[in-house]
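Enquirer: One structure, as structure tokens, below. Some questions next.
Any read-out appearing in this document is the output of simple, stated calculations on the displayed coordinates, not a laboratory observation. Note that the structure is a prediction, hence the values are computed from the model and not measured. Neighbour counts are summed over all protein chains in view; Cβ atoms, including those assigned to glycine, are modelled from backbone coordinates with ideal geometry.
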Amino acid sequence: MTIDFQAVLERIAAEMTPLAGRSGTVASYIPALARVPAAHFGLALRTREGLEASAGDANVPFSIQSISKLFTLTLAMRRMGDDLWERIGREPSGNPFNSLVQLEYEQGKPRNPFINAGAIAIADRLLGHGETKAELLQLMSDLCDEPIEFDAEVAASEASTGYRNFALANFMKSFGKLDNDVDDVLDFYFHQCAIRMSCLQLARAAGFLCRDGAHPQDGRGEVTSERHARRINALMLTCGTYDAAGDVAFSIGLPCKSGVGGGIVAVVPDQLTLCVWSPALDASGNSYLGMLALERFAASTGLSIF
């Protein structure tokens, strides 16, 4: 059966757009994000073969926040392979993404790479292997074939109010789990979260995850190995939506990675990548309408990994 993806996305946008901003709240603990209008809604997809479809505010750039963890994890796995897991676990946390409790109990080893502590640990390992913020931007630009930039205001806003992230980093440092200076690690982390991209750009950039690691732009080789792409998708399914991952697997059935900027990237392995954006968040820190839209998408197309 051939699916008319453009028609599917337009139907979802028509249903969701009138609801935008009526439920959930924007991420007010980051001042620059608190000012983003909650009424935005957009979604876009790109198939394995390069077909694109979009609707709503699909071309409006936003702060990708924790979606960036997909790409820093990819870089770290490419650099370090299985040695990466010496300091980072692969289990769901069951706690909020910025929780300190588990980190103390487990002596500074983050439960997985998608909670804040895990992403900070990834940033530390990348710095230790010579990666720079500029190289991360170059990767993002190369993946979506368009120039990508940091949002300097969001990065500064994160740094000025990121007390809990400073606590997490200093906590890991106290257990000997960070090699680099805390300020340098957090500067990298705050900037990766402050990358600005649209739904369409993110659907393009994440395309290697539905192509067994192959670059989303044909002819540019491999972004990561097939083995690593499978493992990233597995981590997205089990850990990618904070402490709501079980519910997301149950209701949507796709690997997803969310961010408190209101974006969510979803992967249908071997078929497509999808990104939805709506800034108002639910209690778990996931986009309220974004999750509803993904559920509608899975139900109307029958696409699921199960």
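Enquirer: Tell me, in nm to one decimal, what length is gained between ASP142 and PHE175 on full extension, where the rule is 0.36 nm per residue of separation less the Cα-Cα distance?
Expert: Additional length available on full extension: 8.2 nm.
Enquirer: Assuming a ≥ b ≥ c are the square roots of the Cα gyration tensor eigenvalues, decide whether the chain counts as rounded (a/c under 1.5), prolate (otherwise, with a/b larger than b/c) or oblate. Mind showing how you got there, number by number?
Expert: Working: a/c = 1.57, a/b = 1.33, b/c = 1.18.
Because a/c hits 1.5 or more and a/b exceeds b/c, the chain counts as prolate.
Enquirer: Under a plain spin-label model, where a point goes 7 Å from the Cα along Cα-to-Cβ, how far apart in nm are GLU295 and ILE3?
Expert: Result for the modelled spin labels: 1.8 nm.
Enquirer: Once a ≥ b ≥ c are taken as the square roots of the eigenvalues of the Cα gyration tensor of region 11-95, is the result rounded (a/c under 1.5), prolate (a/b larger than b/c) or oblate (a/b not larger than b/c)?
Expert: Oblate shape, in that a/c is at least 1.5 and b/c is the bigger or equal ratio.
Enquirer: A further question on this structure: How much FRET efficiency would the formula 1/(1 + (r/R0)^6) give for SER160 and VAL60, where r is the Cβ-Cβ distance and R0 is 25 Å, rounded to 0.05?
Expert: Numbers: r = 25 Å, r/R0 = 1.00.
E(calc), rounded to 0.05, equals 0.50.
Enquirer: For the pair THR132/GLU91, report the inter-label distance in nm, with labels modelled 7 Å from Cα in the Cβ direction.
Expert: With each label point 7 Å from Cα toward Cβ, the separation is 3.9 nm.
Enquirer: Taking the Cα centre as origin and putting +1 on Lys and Arg beta-carbons and -1 on Asp and Glu beta-carbons, what dipole magnitude results for the chain, to the nearest 20 debye? Show your work: numbers first, answer last.
Expert: On the way: 26 positive and 36 negative charges, 90 e Å.
Charge dipole, the chain, about its Cα centre: 440 debye, nearest 20.
Enquirer: To continue, here is another question. Compute the angle between helix 163-174 and the longest alpha-carbon principal axis of the chain, please, reported from 0 to 90 degrees and rounded to the nearest 10.
Expert: Taking Cα atoms only, the helix is inclined about 50 degrees.
Enquirer: Let me ask something else about it. With r as the distance between the Cβ atoms of GLU226 and ASP183 and R0 = 35 Å, compute the FRET efficiency 1/(1 + (r/R0)^6) and round to 0.05. Don't skip to the end; give the middle numbers.
Expert: On the way: r = 37 Å, r/R0 = 1.06.
The computed FRET efficiency comes out at 0.40.
Enquirer: A further question follows. With point charges of +1 on the Cβ of Lys and Arg and -1 on the Cβ of Asp and Glu, referenced to the Cα centre of region 5-301, which listed residue (ALA245, GLY162, SER198) lies farthest in the positive direction of the dipole?
Expert: Value computed over the given set: ALA245.
Enquirer: Next question, about the same structure. What's the extension gain from VAL101 to ASP270 if we count 0.36 nm per residue and subtract their Cα-Cα distance?
Expert: Values: separation 169, 0.36 × 169 = 60.84 nm, distance 3.78 nm.
In short, 57.1 nm is gained.
Enquirer: With each run of n ≥ 4 DSSP H residues scored as -39500 (n - 2.57), what mean residue ellipticity at 222 nm is computed for the chain after dividing by its residue count and rounding to the nearest 500 deg cm²/dmol? Kindly include the intermediate steps, with their values, before the conclusion.
Expert: Numbers: 13 runs with 135 residues, N = 306.
Counting only the DSSP helices, I get -13000 deg cm²/dmol.
Enquirer: I would also like to ask the following. Give the peptides 169-180, 109-120 in descending order of average Cβ contacts within 10 Å, highest first. List each step's numbers first, then the result.
Expert: Values: 169-180: 17.5, 109-120: 25.1.
Descending packing order for the listed peptides: 109-120, 169-180.
Enquirer: I'd like the GluC sites (Glu not before Pro) in region 29-104 restricted to DSSP loop residues with at most 16 other Cβ atoms within 10 Å, sorted by number. Intermediate results must be reported in sequence, preceding the final value.
Expert: Working: sites: GLU49, GLU52, GLU86, GLU104; in loops: GLU49.
Here the GluC sites (Glu not before Pro) that fit, given the DSSP loop and packing criteria, are GLU49.
Enquirer: Could you order the peptides 132-143, 70-81 from most to least packed, using the average number of other C-beta atoms within 10 Å per residue? Don't skip to the answer; put the middle values down first.
Expert: Details: 132-143: 16.9, 70-81: 20.2.
So the order, starting with the most tightly packed, is 70-81, 132-143.
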